[in-house]
1. Checking the a/c ratio against 1.5 first, then a/b against b/c, what shape does the Cα gyration tensor give for segment 15-58?
2. When the chain is fully extended, how far beyond the present Cα-Cα distance does SER38 get from THR107, taking 0.36 nm per residue of separation?
3. For TYR117 and ALA18, compute 0.36 nm times the residue count separating them, minus their Cα-Cα distance, and round to one decimal in nm.
4. Can you pull the one-decimal nm distance between simple spin-label points at LYS49 and ALA25, each 7 Å off the Cα toward Cβ?
5. For LEU60 paired with THR80, estimate the spin-label separation in nm (one decimal), with each label point 7 Å from Cα along the Cα-to-Cβ line.
6. Please give the charge dipole size of segment 15-58, origin at the Cα centre, charges +1 on K and R Cβ atoms and -1 on D and E Cβ atoms. Round to the nearest 20 debye.
Amino acid sequence: MDTSRHPLFGGVVKPEYADKSIFHAFNDYYRIAYSHNSLVDTLFYQFRKAINERVPLEELFLSNDGLIREVFKNDEDIATLGWGRAIKRPDGYSYSGFLSVVRKIYTNRMKDIAKLYPYGLPHQLR
């Protein structure tokens, strides 16, 4: 098995460049990596030997549709886009009357659950 491949995107850095990232240039420093961009996160995965800590994408999101990340782990980018187009409409209307109701129920339930955790939701519930 090729361990340099990211499990979601399958991309590979050419072997001659695998140890030439900015993270390799600062061996005497603690190296932390974070990006909201899932393709950049793929590069972080490929340079993981030179990174001390990689912060997961969802950990620093201002809002997080945890449902999408759980249900569509392998299609996160397109699922997020589809979710935004079909469910989360700024004008309050979506392409699907049923799914917008499901989202409202889910959102309200998460608000109720959040009240039980004054220091924030456990990671598994986000």
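1. Details: a/c = 2.55, a/b = 1.29, b/c = 1.97.
Cα axes put segment 15-58 in the oblate bin.
2. Values: separation 69, 0.36 × 69 = 24.84 nm, distance 2.44 nm.
So the chain would gain 22.4 nm between SER38 and THR107.
3. Difference between extended and current length: 31.4 nm.
4. That separation, rounded to one decimal, is 2.0 nm.
5. Placing both labels 7 Å beyond Cα along the Cβ direction yields 1.4 nm.
6. With Lys and Arg at +1 and Asp and Glu at -1, about 40 debye.
Here, each number is a calculation from the coordinates, and none is a lab measurement. Just so it is clear, the model here is predicted, and its values are computed rather than measured. Heads up, the Cβs are rebuilt from the backbone with ideal geometry, glycines too, and the neighbour counts pull from every protein chain shown.
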